[in-house]
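Report on the structure given below.
The values are calculated or read from the model by the stated rules, or taken from the named source; none is laboratory data. Bear in mind the structure is a predicted one, so any value in this text is a computation, not a measurement. Here the Cβ is made from the backbone with ideal geometry for all residues, glycine too, and neighbour counts use every protein chain on show. Note: areas computed on protein heavy atoms with side chains; ligands, DNA, RNA excluded. Shrake-Rupley method; radii C 1.70, N 1.55, O 1.52, S 1.80 Å.
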Amino acid sequence: MDIALRPVHDSDLPVFFRQFNDPESLRMAAFTPEDPADRDRFDAKWARIRSSPEIVARTVLVDGDVVGSVSVYGEAGEREVTYWIDRAHWGRGIATAALRALLTEVTERPLYARAAADNAGSLRVLRACGFEVTGKARGYAAGRGEETDELVLSLEG
């Protein structure tokens, strides 16, 4: 299995949109847009992401196929990582490999991440990449339609 990152292409966006609208993935991610099916809002968000010099956004490829995205965004000293892998590819080490590759490209530290406290897969990925739990929060999770516990993780040095 060949896992690679590349800049986001226009042709990736319909694939991302489909992936971001999988009900099980939305529930697991929890902290998602209020209306993930709003294509105009999705396109506007990706236009902002792709035009911002502060955001490093990459498409995740497996054997040449688009399977997700991985990004770093935010202000210096408060930057966060985020990733999304198509549910059909969960549990194969792809998110871990993609995040490791991004962390090689983006060397500034600290970096932060957030995950629903019960999202064992995402927490496993983050811990495998060196992130440690540094805080807890609770907030409204649109992907679940309810208040949800969240863990804050950091990667130092």
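Per residue, the solvent-accessible area of the chain (1.4 Å probe, heavy atoms of protein chains only, all protein chains present) comes to 53 Å².
The Cα atoms of region 85-157 give a gyration tensor whose axes a ≥ b ≥ c have a/c of 1.5 or more with a/b no greater than b/c, which makes the shape oblate. What a 1.4 Å probe finds exposed on the chain is 49% carbon and sulfur by accessible area, rounded to a whole percent. Stick to the Cα atoms of the chain, pair each with every other, and give me the Kirkwood hydrodynamic radius in Å at one decimal. For the chain, the Kirkwood estimate is 15.8 Å. Proximity of backbone amide H atoms, modeled 1.01 Å from N, is registered between residue 141 and 146, 147, 148 at under 5 Å, excluding neighbours fewer than 5 places apart on the same chain. Of the residues 49, 85, 94, the one that moves most in a GNM of the chain with alpha-carbon contacts below 10 Å is 49. In the context of the full protein assembly, residue 75 retains an accessible surface of approximately 130 Å², using a probe radius of 1.4 Å and ignoring ligands and nucleic acids.
Charges were assigned to the Cβ only: +1 to each Lys and Arg, -1 to each Asp and Glu. The resulting dipole of region 1-106 about its Cα centre is roughly 140 debye.
Please report the net charge: other residues with Cβ closer than 13 Å to the Cβ of residue 23, K and R +1, D and E -1. Once all neighbours under 13 Å are counted, the net charge is +2.
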